[in-house]
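Step one of this worksheet: look at the structure below.
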Amino acid sequence: MISRRHFLGTGVAAVGLVTAPGGAWPSAAASPFIDLRAAPATALLMPKAAATPVWAYGGEVPGPVLRLKQGQPAYIRVNNGLTQPTSVHWHGLRIENAMDGVAGLTQDPIPPGGRFDYIFTPPDAGTYWYHPHHRSWEQMARGLYGLVVIEEAEPVAVDQDLVFIADDWRLGADGAIDDASFGQLHDWAHGGRLGNWLTINGRSTPQLTARPRARIRLRCVSTANARIMAFDFSELDGVVVALDGQPLATPLPVGDRLVLAPSQRADVVFDAPTDTGVTRTIREVSTSNPVPAATLAVTMAGDPDTGARPPLGAFRLPANPLPTTLDLAEAETLPLLMEGGAMGGLAEATFKGKTMGLRELAREQNLVWAFNGVAGLPETPLRRVTRGRTVVIDMNNDTRWPHAMHLHGHHFRVIERNGKVVADAPWRDTELLRADERAKIAFVADNPGKWLVHCHMVEHMAAGMVTWFEVI
Ligand code: C2O
Ligand code: CU
């Protein structure tokens, strides 16, 4: 992979030199690279407070929406302007392993002042996102995240394409990030570092603007570290057409409680009201105190398009080239026992080959969770599986906490939940398992390399809930 990256890099420069007239240097515009710099910045998260010091991509929270094309190579040059190492993971994209951005598994972290060129060809259209995969519990919470839109090869029949990027911040009354709460083992052993301030697209209750009667695709993502959010979209009266980037075979009504666990996405399609001036409200309803999250207002000029169009229930996105034929009879099953956390009763676990009591693990390593009795990233994979094999991961959440289980490099579907067979579950990359739940997920392991399986409540990952498997 490294040699291919270098080859592409020099190849592009050489083409520029050869074709530049009069021996001029190639212009900067000839570079295919999108520049993405992670560095300190400020953001207006809390309207009545001072701007919040954050870490951001391209100086903005969220980072720029990266619009890439399905099946076309993308070139993204990440520069690290932070004072600590970082990396960028392309969440949900089934790309080559060397570009997956997992510091310590697929690449070395990018040092401060360093740079890494990510080059990959996204096979699937849809809604994805990017975030650091090094100290994610701090770097994501400080504002490092952004949306990746992979555009379908043929344009989809919508009039507007909007984003809804939900985040859960922990801020003081002055608007500053609550630094003292980073790395607190108490949070890590419970539900993770929960915030106290909701933003959508980096703003507090922003207004999204629509044209009259526009058919709108709203790309929703939760970039929260740990909070499980739920949104009431009922005023929009739309349908969910994709989850975690993958189109649904049949759209579902979006309803009044769309759950977005950390890292999950949903594409919602709805028709804006016909009359200018009308406003709709989207609410966050996961707690006993629902709050407005954003509004949608028909403020843009333009006559309503009154032409006929298919009803929302008939809206379909084209399917992605996912391997969907599961050979369950010949599947390789990987048991994954999830243990630990507060009130969990985990007595001991193995860390770097040494069995340690939970107290010692917590005190010396900040580890309080385990997969199959191992805390933290093991040196050897959970399993090595042959490419093309169907894999079943039997996830058994023997903890008192919910976990948003994420698989890298593949999409899976739940085939069994709490002992009951599930038919035709959606293809996802992250599945929420409530306390004491058990779910079997299945997928075709078609992507060679080393792939993480972890909880996306990033404090849980940092405190032990992470493993990997290898496709050979
Ligand atoms: Cu959002 Cu390991 O990933
Ligand atoms: Cu978890």
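The values are calculated or read from the model by the stated rules, or taken from the named source; none is laboratory data. Quick caveat: nothing in here was measured; it's all calculated off a predicted structure. Cβ placement follows ideal geometry from the backbone for every residue including glycine, while neighbour counts extend to all protein chains displayed. Just the protein is used for accessible areas: all its heavy atoms, side chains included, with ligands, DNA and RNA removed. Shrake-Rupley method; radii C 1.70, N 1.55, O 1.52, S 1.80 Å.
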Please report the Cα spread of the chain along all three principal axes, rounded to whole Å, starting with the longest.
68, 65, 55
Peptides ranked, highest mean first, by Cβ atoms within 10 Å: ranges 442-454, 280-292, 385-397:
442-454, 385-397, 280-292
Packing rank of 93-104, 39-50, 332-343, where each peptide gets the mean count of other beta carbons within 10 Å, highest leading
93-104, 332-343, 39-50
Over all Cα pairs of segment 267-311, the Kirkwood radius sets Rh, and Rg/Rh then becomes 1.09
Rounded D (µm²/s) - segment 155-261, Kirkwood Rh over Cα pairs, Stokes-Einstein at 37 °C, 0.692 mPa s:
207 µm²/s
For segment 237-277 versus segment 33-85, the gap between their alpha-carbon centres in whole angstrom:
26 Å
Computed over segment 319-466, the distribution of all Cα-Cα distances in 5 Å bins, rounded to whole %, is 2, 10, 20, 22, 19, 14, 8, 4, 1, 0
Sequence-distant lysines (8 or more away, or on other chains) whose Cα lies within less than 30 Å of K352:
K440, K450
If every alpha-carbon in segment 119-199 counts as one equal scatterer, what log10 I(q)/I(0) does Debye give at q = 0.16 1/Å?
-0.77
With every protein chain left in place, what is the accessible area per residue of the chain in square angstrom, probe 1.4 Å?
41 Å²
Pop out the carbon and sulfur fraction of the accessible area of segment 396-472 as a percent, whole number, probe 1.4 Å.
49 percent
Per residue, how big is the convex hull of segment 47-143 when only Cα atoms are used? Give it in Å³.
105 Å³
Looks like segment 248-393, by Cα gyration tensor root eigenvalues a ≥ b ≥ c and the a/c under 1.5 rounded cutoff (else prolate when a/b is bigger than b/c, oblate otherwise), is oblate
Which order do the peptides 400-407, 113-120 come out in when sorted by mean C-beta neighbours inside 10 angstrom, highest first?
400-407, 113-120
